[in-house]
Amino acid sequence: MEKFKALQSTFNEVIGGYHMINKTPIKEGVWEEVNCDIVRKVCDITDEANGNHASGKDNRFDNKNFSNKSAKTDGTNVSISSYRLTGVCNDKDNGNPQDILNEIEKRDKSFDYYSILIRNETEKPKIHYAWYIIPRDCHIFKIDNLTQKKGKKGKKKDEIVGWKTKYCDITFSMSSQLWYKFNIRDIEKYKVCDTEIDNSKSKVPYSQIYHLFSKTI
């Protein structure tokens, strides 16, 4: 954790450099690559996701596996998407809690930590980014039991439409995707770096970068 906290200036530079070129906020696939750029000078990177969105581990830093996630705050609330669980629960086969828990646990074993980039865009054009390194066994990601979610109206009234716990939600109509939902205060102690970007500034055209660096690379 301390090694990552020492990267504050590098974090500022990399996030700032990205936004000198791009207006689009940093999201999942891009975050995997940007995260490697941030830690490259202090970590041994032995595996990179390169945009591969297979379940579980994305990057490997110093022999530890990381699952990269990104999210946008809704007030103080954060929602992070995880695995699709249609193989163990769906609207045709609701599944049983133990099978679902076993499947989540099996996929979780592929990584040790979450590396999460959370952005706040409430004061546009400014974007505030915060980076969190969270152990996979943190309480917000631990699922010990599941409760049925039942439809409240229409054709699905009183039918099982998914599963939930205090911090997670699975809805069959949303491809049985596992979502973790929590208050950002729950992870405050895991924050390692943060920065604010003024996204209104003019961007450097890709063609300009090409002409500046094509002869030196």
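Please treat every number below as a calculation from the coordinates, not as lab data. For clarity, every value in this text was computed on a predicted model and none was experimentally measured. When we count neighbours, we look across all protein chains shown, and the Cβ atoms used for this are built from the backbone with ideal geometry, even at glycine.
Laid out as a table, the results:
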| read-out | value |
| --- | --- |
| Those aspartates and glutamates that a straight Cα-Cα span of less than 12 Å connects to Lys109, excepting residues fewer than 8 apart in one chain | Asp137 |
| Diffusion coefficient, µm² s⁻¹, Stokes-Einstein with Kirkwood Rh over alpha-carbon pairs of the chain at 37 °C and 0.692 mPa s | 173 µm²/s |
| Fewest-first sequence of Asp186, Asp62 by Cβ atoms within 10 Å of each Cβ | Asp62, Asp186 |
| Ranked list, fewest to most other Cβ atoms within 10 Å of each Cβ, for Phe213, Phe61, Phe4 | Phe213, Phe4, Phe61 |
| Net +/- balance of residues flanking Thr171 in space, Cβ distance below 10 Å, scoring K and R +1, D and E -1 | 0 |
| Residue (of Ala6, Trp31, Ile100) at the positive-pole extreme of the chain, dipole from beta-carbon charges | Ile100 |
| Burial ordering of Ser67, Ser200, Ser110, fewest other beta-carbon atoms within 10 Å first | Ser200, Ser110, Ser67 |
| Relative contact order [Cα under 8 Å, 6+ residues apart], the range 1-110, whole percent | 18 percent |
| FRET E, pair Met174, Tyr206, Förster distance 35 Å, beta-carbon r, rounded to 0.05 | 0.50 |
| Charge dipole of the range 2-213 about the Cα centre (unit charges at C-beta), most positive-ward option of Gln148, Asn77, Met20 | Gln148 |
| Test item: Cα-centred dipole of the range 68-112, Lys/Arg +1 and Asp/Glu -1 on Cβ, debye | 180 debye |
| Aspartates and glutamates with Cα under 20 Å of Lys124, excluding same-chain neighbours fewer than 8 positions away | Asp74, Asp194, Glu196, Asp198 |
| Nearest-20 debye value, the range 103-171 charge dipole, Cβ charges on Lys, Arg, Asp, Glu | 500 debye |
| Relative contact order (%) - criterion: Cα under 8 Å, at least six apart; region: the range 101-160 | 26 percent |
| Residue among Asp44, Asp144, Asp169 with the largest mean-square fluctuation in a Gaussian network model of the chain, springs linking Cα atoms under 10 Å | Asp144 |
| Positive-pole candidate from Ser202, Tyr114, Ser175, dipole of the chain, charges at beta carbon | Ser175 |
| Mean Cα-pair separation over length for the chain, i.e. relative contact order, pairs under 8 Å, 6 or more apart, % | 23 percent |
| Taking N as its residue count, the alpha carbon Rg of the range 1-91 over 2.2 N^0.38 Å | 1.23 |
| Cα-centred dipole magnitude for the chain, charges only on beta-carbon of K, R (+1) and D, E (-1), debye, nearest 20 | 660 debye |
